[in-house]
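Since the structure comes first, as structure tokens, the remarks are kept for the end.
The values are calculated or read from the model by the stated rules, or taken from the named source; none is laboratory data. What you see is a predicted model, and the numbers here were worked out from it, not measured in a lab. With ideal geometry, Cβ positions are generated from the backbone for all residues, glycine too; neighbour counts draw on all protein chains shown. Side chains included, ligands, DNA and RNA excluded: accessible areas come from the protein's heavy atoms. Shrake-Rupley method; radii C 1.70, N 1.55, O 1.52, S 1.80 Å.
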Amino acid sequence: MKKLRSLFIGVIAIILLLTLALTQLNKKANTSTNVLNIYNWGDYIDPELLKKFEKEYGYKVNYETFDSNEAMEAKIKQGGTAYDITIPSEYMIQKMKKENLLEPLDHNKIKGLNNLDPRFLNQAFDQNNRYSVPYFWGTLGIVYNDQMIAPDKIQHWNDLWRPELKNNVMLIDGAREVLGLSLNSLGYSLNTKNKQQLEQATRKLSGLTGNVKAIVADEIKMYMINNESAVAVTFSGVAADMMAQNKHLHYVIPPEGSNLWFDNIVIPKTVKNRKGAYDFINFMLKPENAKQNAEYIGYATPNKKARALLPKSVSNDPQFYPDDQTLKHLEVYQDLGPKYLGIYNDLYLEFKMYRK
């Protein structure tokens, strides 16, 4: 009798353990559809919007960040994490399409594309927005401190070579950006594959070394806010943040040309929660959410209805919302392919080594 009772208790225990295991498995299965994994640049969305999205749609957001397009691409390629959303730049979207790392978008599931400015749709890097939805856009330009240099002395890329700017120019740390400003100053394309033009641009950069105080990344913002340099080459959103904290700083886009960049939302091949991905895209396309995000980040929104909600002092500022005439002189970075990307990186490294 005792043996039978022990056997019975053992069977009950096994049943309970199996039930518990199945419950946990079901919970995990259900949870996977309620989790949205977002992979984005650091500090590139208002945290309050993530909370609002979770509350409205019932998802738990896992938010991870990257510091370069290349780092993001490598992580997506590895496929270890099931990212549902990521936000690459235009040339990387081109590259990821070629590598079959992106899911084509079902436009029937997207609500709010008509909120976007048509100028920022159907770009060459993603015709008909088959793979991407605009998130932010901006320019590369020059920030100057009016206490250290007169406005009329710093309107063009060539002004960076002025002798009075010795040890007073900060450069953003990027091969395409630094080589690009030299190429533009010579009247060449940012996407040139002409070796003579690239070598000429590099030689010209060697003459800038005496003026370069530092080549930095995020630190450029605090240097300029603290009046530690007269001039900096940086992106429009970073410039907006600087200017908000120092009234003596101003931003100009050299009229001879510069970079026009786009960051777009895509659904990578690692996606597990497709419904959640489309819900997030639709959420970010709502004008009130895009407006809130633009105010937090400081970059220009491609959402024309969101722009209409912004203060006129922001939405009408030509430094950050340049007119069509200015846009005509700007270029979007193209995917140069590994060979020429390597050439750009090598020439940039040569410039940095020469500085030392």
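Quick look at the numbers
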read-out: Enumeration of residues in the stretch 170-187 that are open to solvent by less than 50 Å² (accessible area, probe 1.4 Å), out of contact with any helix residue (DSSP H, G or I) (no Cβ under 7 Å at 6 or more places or on another chain) and not in a helix (DSSP H, G or I); value: G174
read-out: Residues of the stretch 47-81 classified as open to solvent by 40 Å² or more (accessible area, probe 1.4 Å), in a helix (DSSP H, G or I) and of a type outside the set (G, A, S), total; value: 12
read-out: Within the stretch 109-149, tally of residues that are within 22 Å of I225 (Cβ to Cβ) and within 18 Å of the chain's Cα centre (by Cα); value: 5
read-out: Any hit, the stretch 148-169, residues being touching a residue at least 24 places away in the same chain (Cβ under 8 Å) and in a strand (DSSP E or B); value: yes
read-out: Hits in the stretch 91-107 (condition: outside any loop (DSSP other than H, G, I, E, B), free of Cβ contacts under 8 Å to residues at least 60 places away in the same chain and over 23 Å from N282 (Cβ atoms)); value: none
read-out: Answer residue from the stretch 108-126, given it is touching a residue at least 40 places away in the same chain (Cβ under 8 Å), in a helix (DSSP H, G or I) and not small (G, A, S) and is most open to solvent (accessible area, probe 1.4 Å) among those; value: K109
read-out: Residue within the stretch 188-195 that is touching a residue at least 40 places away in the same chain (Cβ under 8 Å) and in a helix (DSSP H, G or I) present; value: yes
read-out: Total residues in the stretch 190-205, condition open to solvent by 40 Å² or more (accessible area, probe 1.4 Å) and touching a helix residue (DSSP H, G or I) at 6+ places or on another chain (Cβ under 8 Å); value: 5
read-out: Test result for W137, hydrophobic (A, V, I, L, M, F, W, C), surrounded by 14 or more Cβ atoms within 10 Å (Cβ to Cβ), closer than 30 Å to S185 by Cα and out of contact with any Phe, Trp or Tyr (no Cβ under 9 Å at 6 or more places or on another chain); value: no
read-out: Members of the stretch 64-108 that are of a type in the set (S, T, N, Q) and within 16 Å of the chain's Cα centre (by Cα); value: T65, S68, N69, T86, S89, Q94
read-out: Condition check for K95: among the basic types (K, R) and either open to solvent by less than 40 Å² (accessible area, probe 1.4 Å) or closer than 16 Å to R176 by Cβ (or both); value: yes
